[in-house]
1. Kindly evaluate Glu3 against the criterion of being assigned to a helix (DSSP H, G or I), within 25 Å of Pro58 (Cα to Cα) and not hydrophobic (A, V, I, L, M, F, W, C).
2. Please enumerate the residues belonging to region 6-53 that are over 17 Å from Gly85 (Cα atoms), of a type in the set (Lys, Arg) and either assigned to a helix (DSSP H, G or I) or in contact with a Ser or Thr (Cβ under 9 Å, 6 or more places away or on another chain) (or both).
3. Could you list, in sequence order, all residues of region 58-77 that are closer than 29 Å to Lys29 by Cβ and either open to solvent by 80 Å² or more (accessible area, probe 1.4 Å) or assigned to a loop (DSSP other than H, G, I, E, B) (or both)?
4. When you scan region 4-12, do you find a residue that is open to solvent by 80 Å² or more (accessible area, probe 1.4 Å) and among the acidic types (Asp, Glu), even just one?
5. Could you identify the single residue in Phe44, Phe56 that is touching a helix residue (DSSP H, G or I) at 6+ places or on another chain (Cβ under 7 Å) and either more than 15 Å from Phe116 (Cα to Cα) or of a type in the set (Phe, Trp, Tyr) (or both)?
Amino acid sequence: MLEKFLKDSEFASMMHRNIYDLLNLLIQKDIQFDILVSTKFVSFTPELPQEIKANFNPSVILFSLAGYSLSSVEISKDEIKFEAGFGPDNFASVVNIPIGAIIRISIDENPILINFATFIPSDPKTKQERSKQIFLNNPKNRDIFKGQ
């Protein structure tokens, strides 16, 4: 029962909104904070060198947003991105994290939000297929995709 609820799309949407709202509030108030995220959903631009990535925990990464990283934060409806330096040479990269992949937000090592929802990234092909299906539900549109 619990596992089913944690995967529920309404619950995930509620958690997503709470995380998004809290991140915006922290940034607006210029409060330093940490986010714990699922490693597999984090991307870096440019990609980090393998010797730096090898030091990451395979399941979670903790990012501390303070100073320049905090001032560089950009939040959209679906993701947070910020600039950070990694390794002894402070290799610069932009970190991209889906909002739903954030597991915990903390201030001074004190959790202020824990996300229990199971994050399932949306597949663009699935969205496109759903959109196409909705379009095809109208009989007038069915001839458009004949032969495809």
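The values are calculated or read from the model by the stated rules, or taken from the named source; none is laboratory data. All values derive from a computational prediction rather than experimental measurement. Cβ atoms come from the backbone with ideal geometry, glycine included; neighbour counts cover every protein chain shown. Please note that ligands, DNA and RNA were not included when accessible areas were found on the heavy atoms of the full protein model with its side chains. Shrake-Rupley method; radii C 1.70, N 1.55, O 1.52, S 1.80 Å.
1. Yes: the conditions hold for Glu3.
2. Lys7, Arg17, Lys40 - these are the residues of region 6-53 that are over 17 Å from Gly85 (Cα atoms), of a type in the set (Lys, Arg) and either assigned to a helix (DSSP H, G or I) or in contact with a Ser or Thr (Cβ under 9 Å, 6 or more places away or on another chain) (or both).
3. Within region 58-77, Leu62, Ala66, Tyr68, Ser71, Ser72, Val73, Glu74, Ser76, Lys77 qualify.
4. The initial filter retains those residues of region 4-12 that are open to solvent by 80 Å² or more (accessible area, probe 1.4 Å), namely 4-5, 7, 9-10.
Retained after the next criterion (residues that are among the acidic types (Asp, Glu)): 10.
Checking region 4-12: at least one residue is open to solvent by 80 Å² or more (accessible area, probe 1.4 Å) and among the acidic types (Asp, Glu).
5. Phe56
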